[in-house]
Amino acid sequence: MSNILRYENDNEHIHPNNENLQERCETLEKQVAELAGKVKWYEEQFRLSQKRQFGSSSEKTNLDQLELLLFNEAEVEVSSLNDPVTETITYHRRKKNGQHETMLEDLPTETVEYRLSAEEQVCSCCGGKLHEMSTEVRQEIKIIPVEVKVVKHVRYVYACRHCEHDEIQTPIVTAPMPAPVFSGSLASPSSMAYVMSQKYVEGLPLYRQEKQFERLGFTLSRQTMANWMIHGADKWLSIMYDRMKEHLLKQETLHADETTLQVLHEPGRKATSTSYMWLYRTGRVGPAIVLYDYQQTRGKEHPRKFLTGFKGYLHVDGYAGYHGIPNVALVGCWAHARRKFDEALKALPVSKQSTPVAAKEGLTFCNQLFLIERDLKDSTPEERFEARIERSQPVLDAFSVWLKTQRSKVLPKSALGQAIQYCLNQWDKLVVFLKDGRLEIDNNRSERSIKPFVIGRKNWLFANTKRGAKSSATIYSIIETAEENNLNPFTYLTYLFEKLPNMDTQDQDALDQLMPWSSTIPLTCRVFKKNT
């Protein structure tokens, strides 16, 4: 009896310990799950970091690897039952030297002829006179390097001999001479355009240009070149910039983006402070206009101020700084949405990337939308609008259901969770492209336009002053707009610096004749691109 009582008393002490152990196990299991989630997240970030550093930057999808039964189950099953298809390959033989002729047809040609002298035109057999039977032609390209030379502008002044001797006043007549682009300096329209295009088109910093001029036998300091560029931008190109902005704000569809910039000397700011270069450009409708706008911050007040007067659609990424602009409807970017699913797929271990995973399903939805857009590339806005309602709307409806279903199945901080949440947060903007056939499915147009600035920044790294940054924004705007309109930036800038100092810059009609899309721009400024 005493043993039984002792056993029951012992159990009274055991039960509380078991409960503590169970609570502790539950706590530990919860901690293990949290740690496992963190480890998985860190592994994803590590794989993404390795991809960004060493992998290909292309986001193209191998469609053969992403065949999901979600959309094309019937097609896949039918294909697997059919007999093997015989592939027919057709070869096209290119005419000899035909490619060279096409490459050289727009270049100036210098012909060098080689003839026999009259004494040499004698037959070695009979001594008779030789005649021209045919010719042999060899073509090669000749490179003419940059040459620095002095151009003296000598203006003559005239007076009347009779009036000099017999009259009280003598009329003085001076021959007309073009106004200089920069009074009191050695700058010419071509030299100023050359320095600008070398830096902002070729990515050649001023200190390298300084060395280049030294090799050409002329000393031109980087400080002098900087003064040339700032004067050219502030005095002349800013006039073009302001007129282009007026044309841009009249459009109904625009694109916007922004990127970072470091400016070393700004009052009240550290040299390491981050500034921003904003970009605004037209869409597929209207003249091609690309404008940069330098600002110290990424605040929402900057796009509001710049776009004052604009009414219409604005293609953007997911940045909230564009929200709330009056009279503007934001159009989301499916390229950003697709990129996040692509990253989620790349974040997986290699062994799982080829299996049917959720990231691949999300990527396939995005691919379906882009394939539809590719088919509609040459359609009119009206045709594109109708086709999107018929073909894209069902894909979007299915994708919306899929996103809401998957949201509860994945970790919110995982790469896939962030991709899903991005789409859900941006959904009302991502579907706006259905409203108008002029709209685009992504904001890649602005990303392509801001890329030259990003690449150039890797060469010259930073701007020295706020004024220099604003001048850079102006120059980049003129150059990128020129290239968008198939103009040679150097010859176009030279043309502007010849015309602007010698015209009434308040005449809007005259300025419009200088716009890059104007039909009056000389052929010498144009680049004729061949279809490949």
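Observations on the model:
- Assuming charge only on the beta carbon of Lys and Arg (+1) and of Asp and Glu (-1), the dipole of region 197-245 about its Cα centre is about 60 debye to the nearest 20.
- Three-way shape label, region 136-278, alpha-carbon gyration tensor, a/c 1.5: prolate
- PHE46/ARG269 FRET efficiency (R0 30 Å; Cβ-Cβ; nearest 0.05): 0.30
- Charge dipole of region 134-241 (Cα centre as origin; +1 on each Lys and Arg Cβ, -1 on each Asp and Glu Cβ, all else neutral): 400 debye, rounded to the nearest 20.
- Annotation note: GluC sites (Glu not before Pro) in region 138-226 located in DSSP loop regions with a Cβ neighbour count of at most 16 within 10 Å are GLU140, GLU147, GLU167, GLU202.
- Classification of region 405-463 by its C-alpha gyration tensor yields an oblate form. The axis ratio a/c (a ≥ b ≥ c) is 1.5 or more, and b/c is at least a/b.
- Rounded accessible area of ASP166 (nearest 10 Å², 1.4 Å probe): 100
- Surface accessible to a 1.4 Å probe, HIS162 within the full protein complex, Å²: 100
- Think of region 382-532 as having a plus end and a minus end, set by charges on the Cβ of Lys, Arg, Asp and Glu; of THR465, PRO516, PHE385, THR465 sits farthest toward the positive end of this dipole.
- Ranked by solvent-accessible area (1.4 Å probe, protein heavy atoms only, all chains present), the residues TRP460, TRP517 order from largest to smallest as TRP517, TRP460.
- Once the Cβ-Cβ distance of ALA179 and GLN508 is raised to the sixth power relative to R0 = 22 Å, the FRET efficiency obtained is 0.60.
- Student exercise, region 309-381 dipole from Lys, Arg, Asp, Glu Cβ charges, in Debye to nearest 20: 140
- Region 275-404, accessible surface, carbon-and-sulfur percent (1.4 angstrom probe): 53
- The slack between GLU252 and VAL527, meaning 0.36 nm per residue of separation minus the straight C-alpha distance, is 96.2 nm.
- Selection from MET277, ALA256, ILE230 lying farthest towards where the dipole of region 222-290 points positive, charges on Cβ: ILE230
- Taking each of LYS245/LYS300; LYS435/LYS466; LYS300/LYS377 in turn, the alpha-carbon distance tops 31 angstrom for LYS435/LYS466; LYS300/LYS377.
- A crude spin-label estimate for the pair VAL32 and GLN139, with each label 7 Å from Cα along the Cβ direction, gives 7.5 nm.
- Pair GLN262, ARG407: separation of 7 Å Cα→Cβ label points (nm): 4.0
- Backbone HN-Hα couplings from phi across region 184-190 [Karplus 6.51/-1.76/1.60, Hz, Gly and Pro as x]: x, 10, 8, 5, 10, x, 6
- Extension gain, GLU119 to ARG391: 0.36 nm times the residue separation minus the Cα-Cα distance gives 90.0 nm.
- Couplings for region 288-296, taken from phi via the Karplus curve 6.51 cos²θ - 1.76 cosθ + 1.60 with θ = phi - 60°, read 7, 10, 10, 10, 9, 9, 7, 9, 6 Hz in order; Gly and Pro are left as x.
The values are calculated or read from the model by the stated rules, or taken from the named source; none is laboratory data. It should be emphasised that the depicted structure is a prediction, and the values quoted were computed from it without experimental measurement. Cβ: placed from backbone, ideal geometry, glycine included. Neighbour counts: every protein chain shown. Side chains are part of the model used for accessible areas, which takes the heavy atoms of the whole protein and leaves out ligands, DNA and RNA. Shrake-Rupley method; radii C 1.70, N 1.55, O 1.52, S 1.80 Å.
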